[in-house]
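The values are calculated or read from the model by the stated rules, or taken from the named source; none is laboratory data. The model shown is predicted, which means the values in this text are computed figures rather than measured ones. We place every Cβ from the backbone using ideal geometry, glycine too, and count neighbours over all the protein chains shown. We work out accessible area using only protein heavy atoms, side chains counted, and drop any ligands, DNA or RNA first. Shrake-Rupley method; radii C 1.70, N 1.55, O 1.52, S 1.80 Å.
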Amino acid sequence: MPGNTLGTMFRVTTWGESHGPALGVVVDGCPPGLALSAEDIDDELAWRRARDTRVSTSRREPDRVEIISGVFEGLTTGTPISLVIYNRDVDSSAYDDLKNLFRPGHADYTYLHKYGIRDRRGGGRASGRETVARVAAGAVAKKVLDQHGITVLAYTLALGGIRAEKMDFEEIYKNPLFCPDPDAIPRIIQRLQEVKESGDSVGGIVEIRARGCPAGLGEPVFAKLDAMLAAGLMGIGAVKGVEIGSGFAASDMLGSEHNDGLGPSGFLSNNSGGILGGISNGDEIVARVVVKPIPSIEKEQQTVTENGTPTTLSVKGRHDVSAIPRIVPVCTAMVRLVLADMLLQQKAIE
Ligand SMILES: Cc1cc2nc3c(=O)[nH]c(=O)nc-3n(C[C@H](O)[C@H](O)[C@H](O)COP(=O)(O)O)c2cc1C
């Protein structure tokens, strides 16, 4: 019920706040005998770190994981894996001004109404920092998927209204935006800088592709693969929509256009995004998420105090100008977590 756990067979529970001493995750259900080191996890965490202040927060976290349990002599033991990432670069002073205010677009209002108390420092658990635990868990899920030849790739499809036109997947890890179109990168960076200088923020679209998935993953009817992917991805802060395959464009297509015909070597197209009836069909799984603009902006906005007095707010502090690019490795992690869980559920049936 408390909503901090994802998965059935490969189960992750995250914990921790943005400005608390640490964040972490317990991964339960990981098969034994997988090689897992802190470096494997740190490598994944490094992709989520803010690397370029032109496009991300100036908060500098080293993000080194400590493996507390579940690994012995470099191998998973099958017991719960507990991972901790300590917060090192915490500065809560900017949040003193927000003590009794609600940031428009953020979770301050809803957390207070839900719990009657909120950790305002850095957004508490509604902070983008919470996603560090997901990425750590995703590194464990990757180990499970590696064994079965399943790979997940995510990248920036659009940011600040500029769309990647070229799809050069080799480019993705070479630039701070995870963008597959080298021509779009300078234009996006310029746009982000302009928006940042004006005290505002932007949104965009991330596309995720999973390759090597066998047919048969997904548990109809209430744990369909597309439903679980949507739940995992929508569970990331700032994600406001998920598309699978041709997604919303399907509304303008004919059945004869949208249906993926079959030939002797498989499907002839992939409008389904690799999922039919909630079950993977063996084709590439394709999903997209819409990411809203960052809520904490310097531009003055109307709000109220906790006791309802109208006021205005200009948010200071070390905020991202967009959740993209840092959300890209988080999307990868969430898809890995869902696929590892679905894979282990399918193995149990087989
Ligand atoms: C990687 C990442 C980084 C984020 N950085 C910030 C940030 O610097 N400032 C901020 O106000 N929100 C940031 N967010 C967005 C908030 O976490 C999110 O908007 C908030 O929790 C409200 O949830 P909702 O947008 O899903 O309604 C970030 C989100 C992610 C995933």
So what is the accessible area of the chain per residue, in Å², with the probe set to 1.4 Å? 46 Å²
Cut-off under 5 Å, modelled amide H: who pairs with SER269 long-range: GLY261
Pull up all non-local amide H partners of ALA158: gap of 5 or more, or a different chain, and H-to-H distance under 5 Å with H placed in the peptide plane. ALA164, ILE205
Which one, MET228, MET253, MET167, has the greatest fluctuation when you compute a Gaussian network model over the chain with C-alpha springs under 10 angstrom? MET253
How much length, in nm to one decimal, is gained on full extension between ARG51 and LEU262, taken as 0.36 nm per residue of separation minus their Cα-Cα distance? 71.6 nm
For segment 190-307, I need the span (max minus min coordinate) of the C-alpha atoms along each principal axis, in Å, sorted largest to smallest. 61, 35, 27
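Given charges of +1 on the Cβ of Lys and Arg and -1 on the Cβ of Asp and Glu, with all other atoms neutral, how large is the dipole of the chain about its Cα centre, in debye to the nearest 20? Mind showing how you got there, number by number?
On the way: 38 positive and 44 negative charges, 157 e Å.
Computed about the Cα centre, the dipole is about 760 debye.
Residues with beta-carbon under 15 Å from that of ILE244, excluding ILE244: net charge, scoring Lys, Arg +1 and Asp, Glu -1?
Summing Lys/Arg as +1 and Asp/Glu as -1 gives -3.
Please give the calculated 222 nm ellipticity per residue for the chain, where each DSSP H segment of at least 4 residues contributes -39500 (n - 2.57) and the sum is spread over every residue; nearest 500 deg cm²/dmol?
Working: 7 runs with 86 residues, N = 350.
Mean residue ellipticity, 222 nm, calculated: -7500 deg cm²/dmol.
With a 1.4 Å probe and every protein chain kept in, tell me what percent of the accessible surface of segment 1-117 is carbon plus sulfur.
On the way: 3260 of 6090 Å².
C and S atoms contribute 53 percent here.
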In nm, to one decimal, how far is the PHE169 label point from the GLN301 one, both placed 7 Å along Cα→Cβ? 3.7 nm
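What's the long-distance tail for segment 134-244, i.e. % of Cα pairs beyond 17 Å?
Counting every Cα pair in segment 134-244, those more than 17 Å apart make up 65 percent.
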Can you grab the distance from the C-alpha centre of segment 335-350 to the C-alpha centre of segment 137-186, Å, no decimals? 23 Å
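What pairs from LYS99/LYS316; LYS114/LYS316; LYS114/LYS196 go past 20 Å between their alpha carbons? Don't skip to the end; give the middle numbers.
On the way: LYS99/LYS316 13 Å; LYS114/LYS316 26 Å; LYS114/LYS196 32 Å.
Result: LYS114/LYS316; LYS114/LYS196 exceed 20 Å.
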How many nm separate the modelled label positions at GLU194 and ALA215, each set 7 Å beyond the Cα in the direction of the Cβ? 4.9 nm
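Does segment 72-180 classify as rounded, prolate or oblate by the C-alpha gyration tensor (a ≥ b ≥ c root eigenvalues; a/c under 1.5 gives rounded; else a/b over b/c gives prolate, otherwise oblate)? Walk me through the intermediate numbers first.
Numbers: a/c = 2.54, a/b = 1.30, b/c = 1.96.
Here segment 72-180 falls in the oblate category.
Rank-order 303-309, 321-327 by packing density, defined as the average count of other C-beta atoms within 10 Å over each peptide's residues, highest first. Before the final figure, lay out the partial values.
On the way: 303-309: 11.4, 321-327: 27.0.
The peptides rank, most packed first, as 321-327, 303-309.
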Quick check: from the Cα gyration tensor, does segment 282-350 come out rounded (a/c under 1.5), prolate or oblate? prolate
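Under the 0.36 nm per residue contour assumption, what length would be gained going from the current alpha-carbon distance of ARG187 and THR8 to full extension? Let's see the in-between values first.
Working: separation 179, 0.36 × 179 = 64.44 nm, distance 4.28 nm.
So the chain would gain 60.2 nm between ARG187 and THR8.
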The chain - Debye-derived log10 I(q)/I(0), Cα point model, q = 0.11, 0.15, 0.16 Å⁻¹: -0.76, -1.34, -1.47
